Amino acid sequence: MALTTPIQVHRYPQSQYIDALRWLPRLSAFHRHIILAAFDSDASSPSLQLLSLSQSPPSDSDPEIPELSVESSISTPSRISALKTCRTSNKPLITAASSSGSLSILSADLMNGSLNVEASVTERGFHYGPILGIDVSENGSEAVSVGEDGRVNWINIGGSIGKTVNFQKVFDNNGLVSYQAVKWASPVEFVTGGLGYSLQWWDRRSPGGPVSQFKGNWNQGIMPGIVHSIDIQPSRKHTCLAGGSSGTVFVWDLRKPQQSIVLTGVGTSDSAVQTLSESEVWEVQYDNYSHSSSIAHTSASSFLPAMICSEDGILGVIDQGEEPIELLAEPCAINSFDIDKQNPSDVVCSLEWESVAILTRP
């Protein structure tokens, strides 16, 4: 399905591979920032870059194309495998997890265009191998990480800026099953996902393991599916959105722990479910953007629309019971994206062919 009003798309070629990116809080309507995890394959050099997106006030006679430039860059010990941002009372905080199992917490000075390392976790025993998923609480005081080693760790960020970061092992399955994604659901609850389209609901008040689990079985057993990304609906903390292999996107409601609602995917037998992608869904986010033609449906829908990006180059929106909307179709993978929380009409995504694309919806 195509939108009736065209989307503005600006592409910005980069000199390095992009592992992840996120919006940072706005300074003004015409000056914005993006944090970018990059990897220079020629020099085998990973880095975090602070990008500035500046635009002059538009005019009818001479529309201005936003300029994207690097304001600051900082080398990282190893390649970034997960990236999250949050806004504190003082400054934006950036939490970057690495493929070597370390964690870095940085602050961004948007006025001066600089990045500063505030704290890090590098000691042995935090994670063995890549950290594949990380999430930060809304106030930036806590984080939770999961990895290829099967470990689930809680991290105290709030009292750690400028000091040694304290962490606590929540669970360790000794590498029997890796976790791919994690998302906070409340100040004490979070969800993890991994092999077999499985999801686990954890409560820090109930140690020893997850308090609820869901195991899906799509693709008719032809190949194991993996959950790559998770999001929690803001207005319904008990509903979890998950995306993974074979274009599968589904919703899990904690009140019905052994059921799910499949929104899209090639392995489902539901003829009413339309497929948007047939490959790996790398990231999912609930999309609270609405334009005039969809406000009525959105208000009555059980779930907010979901935005996805995929290995086969699709950036699109899925809404329960509606035809999917394709926002962008590229000849290469779209590895990550982020919706601007302050202005949900704006979306930034990274293309495998070393480019950043910025979309503005009508």
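The values are calculated or read from the model by the stated rules, or taken from the named source; none is laboratory data. Just so it is clear, the structure is predicted and the values come from calculations on it, not from any experiment. Glycine gets a Cβ as well: all are built from the backbone with ideal geometry, and neighbour counts include every protein chain shown.
Looking only at residues of segment 186-200 that are in a strand (DSSP E or B) and of a type in the set (Ser, Thr, Tyr), we find that the one that is surrounded by the most Cβ atoms within 10 Å (Cβ to Cβ) is THR192. Take LEU115 and tell me if it is closer than 12 Å to SER145 by Cα, of a type in the set (A, V, I, L, M), out of contact with any Cys (no Cβ under 7 Å at 6 or more places or on another chain) and surrounded by fewer than 22 Cβ atoms within 10 Å (Cβ to Cβ). Taking the combined requirement at face value, the residue does not satisfy it. Quick check: is even one residue across segment 22-40 at pLDDT 95 or above, more than 19 Å from the chain's Cα centre (by Cα), surrounded by fewer than 17 Cβ atoms within 10 Å (Cβ to Cβ) and under 20 Å from THR360 (Cβ atoms)? Checked segment 22-40: no residue is at pLDDT 95 or above, more than 19 Å from the chain's Cα centre (by Cα), surrounded by fewer than 17 Cβ atoms within 10 Å (Cβ to Cβ) and under 20 Å from THR360 (Cβ atoms).
Going by the conditions given, is VAL144 closer than 24 Å to GLU118 by Cα, modelled with pLDDT of 85 or more, assigned to a strand (DSSP E or B) and within 20 Å of the chain's Cα centre (by Cα)? Yes. Among all positions in segment 105-117, there is at least one residue which is free of Cβ contacts under 8 Å to residues at least 12 places away in the same chain, closer than 30 Å to PRO13 by Cβ and assigned to a loop (DSSP other than H, G, I, E, B).
Just so you know, in segment 72-83 the residues that are buried (at least 20 other Cβ atoms within 10 Å of the Cβ) and of a type outside the set (Val, Ile, Thr) include one that is nearest to ALA108 (Cα to Cα), and it is LEU83. Residues considered: VAL211, VAL182, VAL188, VAL170. Of these, the only one that is aliphatic (A, V, I, L, M) and in contact (Cβ under 8 Å) with a residue 40 or more places away in the chain is VAL182. Which of the residues that make up segment 82-140 are among the small types (Gly, Ala, Ser) and more than 24 Å from GLU71 (Cβ to Cβ)? Residues satisfying the conditions are SER99, SER100, GLY101, SER102, GLY125, GLY129, GLY133, SER137. As for segment 49-72, it holds at least one residue that is at pLDDT 85 or above, of a type in the set (A, V, I, L, M, F, W, C), under 20 Å from CYS309 (Cβ atoms) and in contact with a Phe, Trp or Tyr (Cβ under 6 Å, 6 or more places away or on another chain). Test of understanding: among LEU315, LEU359, LEU328, which residue is part of a strand (DSSP E or B), modelled with pLDDT of 95 or more and touching a Gly at 6+ places or on another chain (Cβ under 8 Å)? Exactly one of LEU315, LEU359, LEU328 is part of a strand (DSSP E or B), modelled with pLDDT of 95 or more and touching a Gly at 6+ places or on another chain (Cβ under 8 Å), namely LEU328.
Residues in segment 121-138 that are under 21 Å from the mean Cα position of the chain (by Cα) and not charged (D, E, K, R): how many? Qualifying residue count for the region: 9. Tallying residues that are at pLDDT 75 or above, surrounded by 15 or more Cβ atoms within 10 Å (Cβ to Cβ) and of a type in the set (S, T, N, Q) within segment 256-273 yields 2. Which residue out of LEU115, LEU132, LEU106 is aliphatic (A, V, I, L, M) and either out of contact with any Ser or Thr (no Cβ under 7 Å at 6 or more places or on another chain) or modelled with pLDDT under 90 (or both)? Residue meeting the stated conditions: LEU106. In this structure, does ASN174 turn out to be among the polar types (S, T, N, Q) and assigned to a loop (DSSP other than H, G, I, E, B)? Here the answer is yes, as ASN174 does meet what is asked.
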